[in-house]
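The values are calculated or read from the model by the stated rules, or taken from the named source; none is laboratory data. Predicted model, so just to flag it, every value in this text is computed and none were measured. Cβ sites come from the backbone with ideal geometry, for glycine too, and all protein chains shown count toward neighbours.
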């Protein structure tokens with residue numbers, strides 16, 4: 001058994017933040033699923049979004065069902081598990097399986113070469129988990145259609161290889177039943193997507209891939225009673241105080257220092273950004289590469305830090321800004337951060353269970369798909385990069401370097417840079433290296449998101465959070481495009497509409513956006529990497 005979860009604090013005294021939470025019985029209120037904790041405006045949402053509090057208990061019967069299905073599939077030689085899902089439906093299974101060393105093929109992109117790669121492997125040994133709370137997520141439905149067509153071409157009964165995870169009554173639930181999918185798991189409708197790690201959305205794909213989901217639930221359950229205590233040493237109250245209790249400190253720099261959990265920052269990024277980034281406020285999570293990352297080492301008045309530690313590691317914490325050292329098993333950490341995020345939402349005075357600005361980018365993308373307008377002309381082309389920008393951004397500029405300079409000139413003193421790359425994350429992985437380089441160059445926090453994945457994560461904060469971001473959008477041509485069966489648009493057209501729609505909504509919110517389109521992917525990645533560094 002691992003050591004109990006631990007939260008250490010340096011550089012700040014959180015007693016004055018935590019004690020009012022204790023006095024207001026916030027911890028026991030969350031445990032009792034009291035929807036009034038976040039004020040009248042949030043109460044309707046909270047009434048239907050607190051099921052995650054008891055997920056470690058409620059989800060227990062799923063373990064045997066999932067393990068039985070996994071054994072059944074293995075007996076038939078089906079051992080390749082593909083997950084089609086976005087946001088909360090993909091990020092938790094990603095961290096669970098990567099930490100466990102289980103093999104899960106995660107398809108959370110509409111980039112044509114990414115989709116094609118997922119379809120190229122041995123379909124004879126493939127089962128596909130289609131995961132969507134609403135049952136109508138456009139990306140997930142498009143991926144589902146592509147797999148069914150591929151199964152048919154390979155002479156495989158597609159329905160027998162489809163496992164759906166969705167809410168009761170959704171279109172996906174109805175489709176799964178009517179078309180005879182291998183299994184339809186109906187999730188708890190009282191849990192929002194980003195809080196769903198310990199529900200069917202996190203457990204089904206992870207368990208089918210071979211992760212020990214029973215142990216994961218045991219870990220979370222072991223912490224549950226402690227998180228319900230109205231006590232000053234309640235770790236969720238302490239972590240929540242760090243995340244949301246320091247006015248003006250609205251950037252959370254997150255670094256892993258031996259936690260043993262793989263990719264946890266990406267899951268936290270969605271949970272925090274989508275839960276708190278609204279009404280012009282919120283907390284921007286910034287996962288960084290290590291303790292030497294430039295936006296971790298440089299103290300800033302608008303930052304707090306979180307160090308994800310191992311059970312045995314307890315190095316000295318830098319006290320130049322408020323810093324939390326957090327340790328615990330994966331199951332504990334999932335429940336701890338969900339609870340701490342809800343606490344931070346109360347401190348910020350917002351509803352941590354809605355996401356009002358996520359839908360705006362979806363609507364813009366759908367409108368562009370319906371209208372199929374010609375792309376707006378580039379302001380200019382430099383090498384293999386077509387350059388576009390929001391009004392006034394590119395005045396007097398004629399190359400990519402100058403365009404980047406112009407964008408960074410608009411970076412506020414307490415601002416951040418967001419790089420949004422609508423490319424193949426595996427093929428073009430070197431692009432992620434520009435994150436640290438831009439942080440060193442600007443002295444400000446920099447986030448990096450693969451599109452369209454980040455639209456279900458930090459995309460909410462970009463529009464609804466503090467209006468201090470500047471945005472670099474990277475797109476590529478799709479010479480090897482793929483059709484989407486029974487749809488009037490292709491995967492290439494879909495991802496292009498998602499990028500253009502997001503840029504459009506950001507511009508409407510007054511955010512500066514620099515759009516860089518690579519007409520030659522390989523050469524363009526090299527050119528951009530050099531310029532952005």
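Tabulated data
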| quantity | calculated |
| --- | --- |
| Residue identified as within 20 Å of residue 45 (Cβ to Cβ) and surrounded by fewer than 23 Cβ atoms within 10 Å (Cβ to Cβ) among 276, 297, 339, 281 | 281 |
| Matching residues, segment 508-533, being in a loop (DSSP other than H, G, I, E, B) and under 26 Å from residue 462 (Cα atoms) | 509, 510, 511, 512, 533 |
| Residues of segment 349-372 that turn out to be assigned to a helix (DSSP H, G or I) and surrounded by 24 or more Cβ atoms within 10 Å (Cβ to Cβ), as a count | 2 |
| Qualifying residue in segment 311-321 (condition: in contact (Cβ under 8 Å) with a residue 12 or more places away in the chain and either within 21 Å of residue 93 (Cα to Cα) or in contact with a helix residue (DSSP H, G or I) (Cβ under 7 Å, 6 or more places away or on another chain) (or both)) | no |
| Within segment 131-163, considering residues that are touching a strand residue (DSSP E or B) at 6+ places or on another chain (Cβ under 7 Å) and over 25 Å from residue 363 (Cβ atoms), the one surrounded by the fewest Cβ atoms within 10 Å (Cβ to Cβ) | 161 |
| Residues located in segment 189-221, provided they are within 19 Å of residue 163 (Cα to Cα), in a helix (DSSP H, G or I) and at pLDDT 95 or above | 200, 201, 202, 203, 204, 205, 206, 207, 208, 209, 213 |
| Among the candidates 381, 390, residue that is modelled with pLDDT of 95 or more and closer than 22 Å to residue 454 by Cβ | 390 |
| Verdict on residue 493 being outside any strand (DSSP E or B) and either out of contact with any helix residue (DSSP H, G or I) (no Cβ under 9 Å at 6 or more places or on another chain) or farther than 16 Å from residue 109 by Cβ (or both) | no |
| Answer from 291, 334 - the residue that is under 18 Å from residue 264 (Cα atoms) and assigned to a helix (DSSP H, G or I) | 334 |
| Pick from segment 164-199, criterion touching a strand residue (DSSP E or B) at 6+ places or on another chain (Cβ under 8 Å) and crowded, with 24+ Cβ neighbours inside 10 Å, ranking: farthest from residue 55 (Cα to Cα) | 176 |
| Number of positions in segment 300-315 that are surrounded by fewer than 16 Cβ atoms within 10 Å (Cβ to Cβ) and closer than 23 Å to residue 351 by Cβ | 0 |
| So residue 484, is it at pLDDT 95 or above, over 21 Å from residue 400 (Cα atoms) and touching a helix residue (DSSP H, G or I) at 6+ places or on another chain (Cβ under 8 Å) | yes |
| Top-ranked residue in segment 78-103 [being part of a strand (DSSP E or B) and under 17 Å from the mean Cα position of the chain (by Cα); ranked as nearest to residue 261 (Cα to Cα)] | 83 |
| Residues (surrounded by 15 or more Cβ atoms within 10 Å (Cβ to Cβ), free of Cβ contacts under 8 Å to residues at least 60 places away in the same chain and assigned to a loop (DSSP other than H, G, I, E, B)) located in segment 395-450 | 397, 399, 411, 415 |
